[in-house]
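These notes concern the structure reproduced below.
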Amino acid sequence: MKFGIFSTVTKADERSVHQLFKENLEQVEYAEELGFDSFWFAEHHFSTYSMIASPNVLVAAASQRTRRIKLGPAVNVLPFHHPIRLAEEGAMLDMISDGRLLWGIGRGIQPGEFIPWRVDRDQSREIFEEVHDAMIRAWTQPTFSYEGRFIRIPETSLAVRPIQQPHPPIWVAGLSEPSVRWAARHNYPYMEVYTTLPTMQQHWDIYRQENAAQGHTINHVGFVPTRHIYLAATDEQAKADALPTLATRWKELLRLAKPDDAAKSPAYSYLKGTFDTAARGDFDELMDLGMLLIGSPQTCIRQIQRHQEFLGDALQYLILFFAYGNLTQTQVLNSMRLFAEEVMPEFADVSVSAGLAATGREQGESLV
């Protein structure tokens, strides 16, 4: 099993945004030293939930401080961008990182981010698909054009091309069944956050069926849970350090995602049910359902093993939020170190095949 790190760069205390970005890049360097496989940067706008307006800028900066670790946006929100700009930036990032780029894409979630960009949320899926298709053409065809409802590009040829061929690996982030099916049809790895293990298990079944119906063989890392994590020497210390700031973060997320308002939108109505568990604010429940990994290294090992029970051979990769809220840099780096030294070795010899169909349903039956 491989492990990556996800970063949002939250402004939650007196630290300046300048300082937070410096700490974030220090985390990338330390992640490479500790042996993590990848480091990902969010894209968000107009709130302190995340200060990363351009994940591609941070990928570029991190690429010059590291040599091995893979880097990527998680995600570029496609409805906010023009496909030519994304294709050119992706190609440049792939080159300056020496082919270490992973390309995460999604359609966005927070209502307040769509309004200033003048993007209709109810059209976001169609815009997402058109931007994706045009971007792929730009990377893979000597000359290309595109004529869609939202994207129109005349005959064009890019002078800058990615190192990885035919293009950098594409990963998709989502929460809804339509997103699961879209990722499966394209045979892309699929990242989910704020999703319980029973729901992920159901989504993996859907993914496998849709993927097989398209004649694909799953030749990638499959389903990728993305989880908030915090490790300390004891469970008690970990909870004391992390749960207060997580409670604040959860409230901020619910305020920004507006699941009650989302229920009125056909494109985002699924959010109402998705965030019901989080809205209850019962962290014991959230840990039991796999949404949080909080505790000592031994507790964290058991929590990841619980993910294996539900997802079986789908679980080859896990992406972790180490830095969030007002956790200090010392706390974040110590949590990363404990995970790398005491948790990762427990899963180093796990050999899984993405093509196998097992989901561990028998072990997970009680929570479905």
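A few points about this structure:
- Against the list (1) buried (at least 16 other Cβ atoms within 10 Å of the Cβ); (2) closer than 23 Å to His44 by Cβ; (3) free of Cβ contacts under 8 Å to residues at least 40 places away in the same chain, the condition Arg181 fails is (2).
- Test: residue in segment 214-227 that is over 30 Å from Pro169 (Cβ atoms) and not small (Gly, Ala, Ser): no
- In segment 7-16, the residues that are within 18 Å of Glu252 (Cα to Cα) and either open to solvent by less than 40 Å² (accessible area, probe 1.4 Å) or not charged (D, E, K, R) (or both): Ser7, Thr8, Val9, Thr10, Ala12, Asp13
- Which listed residue is surrounded by fewer than 22 Cβ atoms within 10 Å (Cβ to Cβ), of a type in the set (A, V, I, L, M, F, W, C) and within 30 Å of Asp313 (Cα to Cα), from Phe46, Phe21, Phe36, Phe3: Phe3
- Whichever residue in segment 277-296 is open to solvent by less than 60 Å² (accessible area, probe 1.4 Å), without any contact (Cβ under 8 Å) to a residue 40 or more places away in the chain and hydrophobic (A, V, I, L, M, F, W, C) and, among such residues, is farthest from Leu338 (Cα to Cα): Leu286
- Pairs where the first residue, in segment 160-175, is farther than 18 Å from Glu43 by Cα and the second is at pLDDT below 95, C-beta under 9 Å, 6+ apart: Pro169/His220
- Test result for Ile52, crowded, with 21+ Cβ neighbours inside 10 Å, at pLDDT below 95 and either outside any loop (DSSP other than H, G, I, E, B) or of a type outside the set (Phe, Trp, Tyr) (or both): no
- As for segment 65-72, it holds no residue that is farther than 23 Å from Gln316 by Cβ and under 18 Å from the mean Cα position of the chain (by Cα).
- Among the residues making up segment 13-31, those that are part of a helix (DSSP H, G or I), out of contact with any helix residue (DSSP H, G or I) (no Cβ under 8 Å at 6 or more places or on another chain) and under 17 Å from Tyr49 (Cα atoms) are Val17, His18, Gln19, Leu20.
- Only residues that are closer than 16 Å to Glu130 by Cα and open to solvent by 10 Å² or more (accessible area, probe 1.4 Å) were counted across segment 83-114, and they come to 4.
- A residue that is without any contact (Cβ under 8 Å) to a residue 40 or more places away in the chain, over 20 Å from the mean Cα position of the chain (by Cα) and not in a helix (DSSP H, G or I) can be found somewhere in segment 249-266.
- Lone unmet requirement of (1) modelled with pLDDT of 90 or more; (2) closer than 30 Å to Thr48 by Cβ; (3) touching a helix residue (DSSP H, G or I) at 6+ places or on another chain (Cβ under 7 Å) for Val224: (3)
Yes/no per residue for (1) open to solvent by 10 Å² or more (accessible area, probe 1.4 Å); (2) not polar (S, T, N, Q):
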{"residue": "Ile151", "(1), (2)": "yes, yes"}
{"residue": "Pro154", "(1), (2)": "yes, yes"}
{"residue": "Ser176", "(1), (2)": "no, no"}
{"residue": "Val193", "(1), (2)": "yes, yes"}
{"residue": "Thr199", "(1), (2)": "yes, no"}
{"residue": "Asp205", "(1), (2)": "yes, yes"}
{"residue": "Gln214", "(1), (2)": "yes, no"}
{"residue": "His220", "(1), (2)": "yes, yes"}
{"residue": "Thr234", "(1), (2)": "yes, no"}
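- Subset of segment 61-81 that is without any contact (Cβ under 8 Å) to a residue 60 or more places away in the chain, assigned to a loop (DSSP other than H, G, I, E, B) and not charged (D, E, K, R) - its residue that is nearest to Gly35 (Cα to Cα): Ile69
- Count - residues of segment 248-271 that are open to solvent by 60 Å² or more (accessible area, probe 1.4 Å) and of a type in the set (Asp, Glu): 2
- Odd one out for His307 among (1) more than 19 Å from Asp205 (Cα to Cα); (2) touching a residue at least 24 places away in the same chain (Cβ under 8 Å); (3) part of a helix (DSSP H, G or I): (1)
- Criterion violated by Thr299 - all others in (1) of a type in the set (Ser, Thr, Tyr); (2) under 22 Å from Phe41 (Cα atoms); (3) assigned to a helix (DSSP H, G or I) satisfied: (2)
- The condition of being of a type in the set (Val, Ile, Thr), open to solvent by 30 Å² or more (accessible area, probe 1.4 Å) and over 20 Å from the mean Cα position of the chain (by Cα) holds for only one of Thr245, Thr299, Thr274, Thr328, that being Thr328.
The values are calculated or read from the model by the stated rules, or taken from the named source; none is laboratory data. Everything quoted here is computed from the prediction, not taken from an experiment. Ideal geometry is used to build each Cβ from the backbone, glycine not excepted, and the neighbour counts take in all protein chains shown. We work out accessible area using only protein heavy atoms, side chains counted, and drop any ligands, DNA or RNA first. Shrake-Rupley method; radii C 1.70, N 1.55, O 1.52, S 1.80 Å.
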